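The values are calculated or read from the model by the stated rules, or taken from the named source; none is laboratory data. Computed from a prediction, not measured in an experiment: that's the story for all the values here. In this analysis, Cβ positions are derived from the backbone assuming ideal geometry, glycine residues included, and neighbour counts consider all displayed protein chains.
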Amino acid sequence: MKKNLSRVIALALLAVAGVQTVDAQSQVANNRRERILQVLDQSRPNAYVPAAFFLHFENKLGRKAVEDHKAFYKATNMDFVKVFYEIAVPQIEINSGSDWEKVPVYGEDFFAPQVAVIADLAREFGGEAFVLPTVYSPLSLAHQTLGRGKDFKKLIEENPKAFGKAIKNLSLSIENYLRSARKAGADGFYISTQGGDGNSIPEKIWKEQVRQWDKHVSEVANEIGLINILHICDYGTPYKNAEALYAYADYPASIINVPLKFSDGSTLNLKEAQQRFSRPVFGGLERLGVIAKGSIEEAKKAVDEVLENAAPNFILGADCTVPGETDWEKLRAVIDYAHTWRQTHKK
């Protein structure tokens, strides 16, 4: 039933996206939107392996940022346009737990410079590829609110309810961003969650004050977007093991982007992750591994290993943002190699 349902969903989304195809099950489409949507149909393997990598650009906002995004997308031949989020919320003077009450809800106007970048890229590429802006988590914005040099954990433990109110307001702020971005042409979103950040937030406070509002971001994206990627981010704070990831299985998203290594020394089984989430996985390569440091041939060997062990409908990428100095030509070579891998490696 699930397989049949996924096929119906994928083909229905093709119609919503305005993509015309003779047979989406048997043809490799020329349109990148269709290629991604076909991956959602888990009833059969994909002949084409979509791929994408992300890095931050020197120019954060404005026309130069748009040009950087355009150049990277064209140079790498990646399969969707990922728009980086580059606006930080203001720092607020928080000296005690009760000061979290000061955190406001930021309206759509606050996010206008970021939305302007999204609008330009949507006008340029929206007909051929999904435009998916990054969305930071409420917890990440709480860190920005406090700034560096203060004891985040101590200040939230002093008044968990006030912190919970701040998280709610930041989540509602993100909702304003989502809705504004969607109106500007975003097709969906690349949503980050950092609930495994155990070094800075106790599990009890996460469950009681944060999780519902962290999940709210995914729920809003699911309500308004055509397609969304849930990025389970372990930046700075690795998850203990794969089981810790499955706490997010109830977050709505079309595709899952997951960590590959864990603090207990174990590694992720990509096929198992896809089965447990009941959604395609995007990733497979470590952001600081061969894709950043190795040669093109070494990177291709890593792709071989990933695709030999991944589910047949899979999107190649990294577990997080690759370093800014990563060679674009190498990324292009790896992406092109992935695109034809199933044709060149038939058993």
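For the stretch 222-245, which positions are more than 16 Å from Gln194 (Cβ to Cβ) and out of contact with any Gly (no Cβ under 6 Å at 6 or more places or on another chain)?
Listed by number, the residues that qualify are Asn222, Glu223, Ile224, Asn241, Ala242, Glu243.
Quickly run through the stretch 316-336 and pick out the residues that are in contact with a Phe, Trp or Tyr (Cβ under 7 Å, 6 or more places away or on another chain) and over 15 Å from Lys300 (Cα atoms).
Cys320, Thr321, Val322
Report yes if some residue within the stretch 245-260 is buried (at least 21 other Cβ atoms within 10 Å of the Cβ) and more than 16 Å from the chain's Cα centre (by Cα); otherwise report no.
There is no residue in the stretch 245-260 that is buried (at least 21 other Cβ atoms within 10 Å of the Cβ) and more than 16 Å from the chain's Cα centre (by Cα).
Restricting attention to the stretch 30-60, report how many residues are within 27 Å of Ala116 (Cα to Cα), among the hydrophobic types (A, V, I, L, M, F, W, C) and either in contact with a helix residue (DSSP H, G or I) (Cβ under 7 Å, 6 or more places away or on another chain) or assigned to a loop (DSSP other than H, G, I, E, B) (or both).
Of the residues in the stretch 30-60, 7 are within 27 Å of Ala116 (Cα to Cα), among the hydrophobic types (A, V, I, L, M, F, W, C) and either in contact with a helix residue (DSSP H, G or I) (Cβ under 7 Å, 6 or more places away or on another chain) or assigned to a loop (DSSP other than H, G, I, E, B) (or both).
Pull out all pairs, ordered by first then second residue, where Cβ-Cβ is under 6 Å, the residues are six or more apart or on different chains, the first lies in the stretch 99-128 and is more than 17 Å from Gly225 (Cβ to Cβ), and the second is part of a loop (DSSP other than H, G, I, E, B) and modelled with pLDDT of 95 or more.
Hits for this filter: Lys102/Ile92.
So which pairs qualify, if the first residue must be in the stretch 132-149 and farther than 16 Å from Ile201 by Cα and not assigned by TED's automatic domain parsing to the domain that holds Arg33, the second must be among the small types (Gly, Ala, Ser) and modelled with pLDDT under 95, the Cβ gap must be under 6 Å, and the two must be at least 6 apart or on different chains?
Hits for this filter: Tyr136/Ser192.
Check whether at least one residue in the stretch 197-216 is surrounded by fewer than 22 Cβ atoms within 10 Å (Cβ to Cβ) and in contact with a strand residue (DSSP E or B) (Cβ under 7 Å, 6 or more places away or on another chain), and report yes or no.
no
Check Glu93, Glu86 and return the single one that is surrounded by fewer than 22 Cβ atoms within 10 Å (Cβ to Cβ), in the same structural domain as Glu128 (by TED's automatic domain parsing) and under 21 Å from the mean Cα position of the chain (by Cα).
Glu86
Within the stretch 237-310, considering only helices (runs of 4 or more DSSP H) that don't extend past its boundaries, which have at least 1 residues that are farther than 30 Å from Val220 by Cβ?
The qualifying helices (runs of 4 or more DSSP H) are 270-277, 290-293, 296-309.
List the pairs whose first member sits in the stretch 318-329 and is under 13 Å from Ala52 (Cβ atoms), whose second member is hydroxyl-bearing (Ser, Thr, Tyr) and part of a loop (DSSP other than H, G, I, E, B), and whose Cβ atoms are under 7 Å apart, counting only residues at least 6 apart or on separate chains?
Cβ pairs passing all conditions: Cys320/Tyr235.
Just to be sure, is Asp319 crowded, with 21+ Cβ neighbours inside 10 Å and charged (D, E, K, R)?
Here the answer is yes, as Asp319 does meet what is asked.
From (1) exposed (fewer than 15 other Cβ atoms within 10 Å of the Cβ); (2) more than 20 Å from Gly185 (Cβ to Cβ); (3) assigned by TED's automatic domain parsing to the domain that holds Phe189, pick out the condition that doesn't hold for Val103.
(1)
Of a type in the set (Asp, Glu) and modelled with pLDDT under 95: which single residue out of Glu203, Glu175 fits that description?
Glu203
For residues that are touching a Pro at 6+ places or on another chain (Cβ under 8 Å) and crowded, with 24+ Cβ neighbours inside 10 Å, tally how many sit in the stretch 36-61.
Result for the stretch 36-61: 2.
Of the residues Val303, Val281, which is closer than 20 Å to Arg35 by Cα and either under 19 Å from the mean Cα position of the chain (by Cα) or in the same structural domain as Tyr239 (by TED's automatic domain parsing) (or both)?
Val281
Within the group Ala221, Ala166, Ala181, Ala186, which residue is touching a residue at least 12 places away in the same chain (Cβ under 8 Å) and over 18 Å from the mean Cα position of the chain (by Cα)?
Ala166
Outside any helix (DSSP H, G or I) and either over 22 Å from Asp319 (Cβ atoms) or under 17 Å from the mean Cα position of the chain (by Cα) (or both), is that true of Asp234?
Against the criterion (outside any helix (DSSP H, G or I) and either over 22 Å from Asp319 (Cβ atoms) or under 17 Å from the mean Cα position of the chain (by Cα) (or both)), Asp234 qualifies.
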